[in-house]
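Each remark here refers to the structure printed beneath this line.
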Amino acid sequence: MGSPRSVSSVIAGRPVAGEPAGRIRSANPARLDDVVADVALGDAGLLVTAARAARDAQRAWADTPAPVRGRAIAHIGRLVEDNKEALARLVTREIGKPYPEALGEVQEVIDTCDFFLGEGRRLYGQTVPSEMPDKQLFTFRNPVGVVTVITAGNFPVAVPSWYIVPALLCGNTVVWKPAEYSAAASAAFHELFCRGGGLPPGVFNVVHADGAATFAGLEQALDAGLVDKVGFTGSSEVGARIGELTGRHLQSACLELGGKNPMVVTARADLDLAVEGALFAGFGTAGQRCTSLGTVICHESVHDEFLTRFAEATAAAAVGDPFADVLYGPMLDARFADRFDKYLGWIGPRHKVLGSTGTGRITAANPRAGFVGDPEAGLFYHPTIVDGVRPGDEIFDHETFGPLVGVTTYQTLDEAIELANAPGYGLSSAIYTDDAKEALTFRRGISAGMVSVNNSTSGAEAHLPFGGNGKSGNGSRQSGVWVLDQFTRWQALNWDYSGRLQKAQMDVVELTPDPGFRL
Ligand code: UN1
């Protein structure tokens, strides 16, 4: 345990005094008496103030040569690397993600910096031939302007970096609204970025606020013309509202939303591998990734065998203290525990429950065999496998963000694909098979933005396009070169040096073909 970190918003390089919307505490979900952060909350007006500061700083930042911005990203990456363990410890303490996973998460920030530092020396435009002589065409990538980034706390540093690193590299300034329950990790991330990058005041601002104040502030900032792009990671419901709000301002947000990620286990699957994948995908991070496994769709010929092995592996998995060697730790925060209790209520009489010595919160009265540590100290939940789920069951149709995996069966691959697409999300997906035809047929039929073959639904590498379709997002993609289209706008330039007005489509020389010619 350490002392609570006092966290406030930082605008134009200065911590904001006072607490316009009161204070909250961010507690360690594995030890609820350990207060990690004492947070001063901003109100809607503060978000507008931050957007104005970002607007004031944007022109000069865009005029800073891209290779210089790339060097700033390089320095940030090195500083994060030098603080990797300290930042990972803070992530584990604040949101309860097992320490090795937290180290991986910080590595994802470093990888993202490594990828984009070189982009500062590329950020290519094109030279394009004109249809007329003595005229040249070009394309340029321009920054969009002020970017507001609103992120969840399950990946309190990696996912923000997916937005913030390329946004800054491309010459945008940023207002970041992190999750309230990961305020200490966010504050550390912000400080590492500002100090490591030597970022001028106003280039990267952070506002701590609750959801309602953020939404109201965002609307006001959009109305005032102070925000040009919104990046949002969170629920499909809030994503739809953000999409609507930005749409009214003729903007399209970069949305990374929920998932009900299917894993198809075919008759030709390596069942041990599939079990290992399902265990990590379903219960890693206590099922609180947007890429976590939702439903295993199992060929009926291997269903019983898969279920037996999966239930055994789940029952044997270590759950508990996230600083110990465990598969997963606590829920991120009380709000997720409460919501998960509701989802458990969706289990019906015709479902079969497996995987633990109980369901719901792990306590002395509702113990989990082999629990690591003191379950009463935190928000720990039993892993829960629910066999026999079908479309129309709430548990099949909706994301359950927590340690719960549904299992169902199929007969033909077409049916498996139909079941996999049925909930209407489309983030990640997996198929276990050694048959290339099955794998590629699944790839073509699945609506997900990401497909794994013989691998977990979670754990995407940081330089492939990340994003979803349907209820998982509006088609925007993060990461790698693909995210550049989120944070830049193409500008087309035509330059006529002929000394006369050459009219496109009209003053174009046409060569005379001989269409009647035959050999
Ligand atoms: C999320 O939960 O919002 O692919 C992102 C993964 C991680 C990112 C998850 N790299 O599981």
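Every read-out reported here was derived from the displayed coordinates using simple, explicitly stated rules and does not represent laboratory data. These numbers were taken from a predicted model, which means no experiment stands behind them.
Values of log10 I(q)/I(0) for the stretch 184-314 across q = 0.18 Å⁻¹ run -1.00, by the Debye formula with one identical scatterer at each alpha carbon and no solvent.
For the stretch 324-330, backbone phi angles converted through the Karplus equation (6.51, -1.76, 1.60; θ = phi - 60°) give residue-by-residue couplings of 9, 7, 10, 6, 7, x, x Hz, Gly and Pro being listed as x. Per residue, the convex hull around the alpha carbon atoms of the stretch 306-368 comes to 107 Å³. Once the Cα atoms are used to define both axes, helix 84-95 deviates from the longest principal axis of the chain by about 60 degrees. Centre-to-centre, using Cα atoms only, the stretch 80-138 and the stretch 201-217 are separated by 23 Å.
Using the Karplus relation 6.51 cos²θ - 1.76 cosθ + 1.60 with θ = phi - 60°, the per-residue 3J(HN,Hα) values for the stretch 504-519 come to 4, 6, 9, 9, 9, 5, 10, 6, 9, x, 10, x, x, 5, 9, 6 Hz, with x marking Gly and Pro. Both radii come from the Cα set of the stretch 58-128: Rg as radius of gyration, Rh as Kirkwood radius; their ratio Rg/Rh reads 1.15. Near residue 231, the amide H atoms lying under 5 Å from its own belong to 148, 149, 150, 254; only residues 5 or more places off or on other chains count, and H is placed 1.01 Å from N.
Taking the alpha carbon gyration tensor of the stretch 1-100, multiplying each eigenvalue by 5 and rooting it gives semi-axes of 29, 23, 9 Å, largest first.
Computed over the alpha carbons of the stretch 79-177, Rg followed by Dmax gives 18.6, 65 Å. Near residue 404, the amide H atoms lying under 5 Å from its own belong to 384; only residues 5 or more places off or on other chains count, and H is placed 1.01 Å from N.
Centre-to-centre, using Cα atoms only, the stretch 356-382 and the stretch 234-297 are separated by 26 Å.
The tail of the calculated P(r) for the stretch 368-519, taken as Cα-Cα distances beyond 25 Å, holds 57 percent of the pairs. Among beta bridges from DSSP that stay inside the chain, the antiparallel ones total about 40%. Hydrodynamic analysis of the stretch 236-313 uses the Kirkwood radius over alpha carbon pairs. Inserted into Stokes-Einstein at 20 °C and 1.002 mPa s, it gives a translational diffusion coefficient of 148 µm²/s. Applied to the stretch 487-501, the Karplus parametrisation 6.51 cos²θ - 1.76 cosθ + 1.60 on θ = phi - 60° returns per-residue 3J(HN,Hα) values of 10, 9, 10, 6, 10, 9, 10, 10, 10, 9, 10, 7, x, 9, 7 Hz, with x for Gly and Pro. In the chain, the ratio of gyration radius to Kirkwood radius, Rg to Rh, stands at 1.03 when only Cα atoms are counted. Taking amide hydrogens as placed 1.01 Å from N in the peptide plane, the amide H of residue 7 sits under 5 Å from those of 38, 39, 40, each at least 5 positions away in sequence or on another chain.
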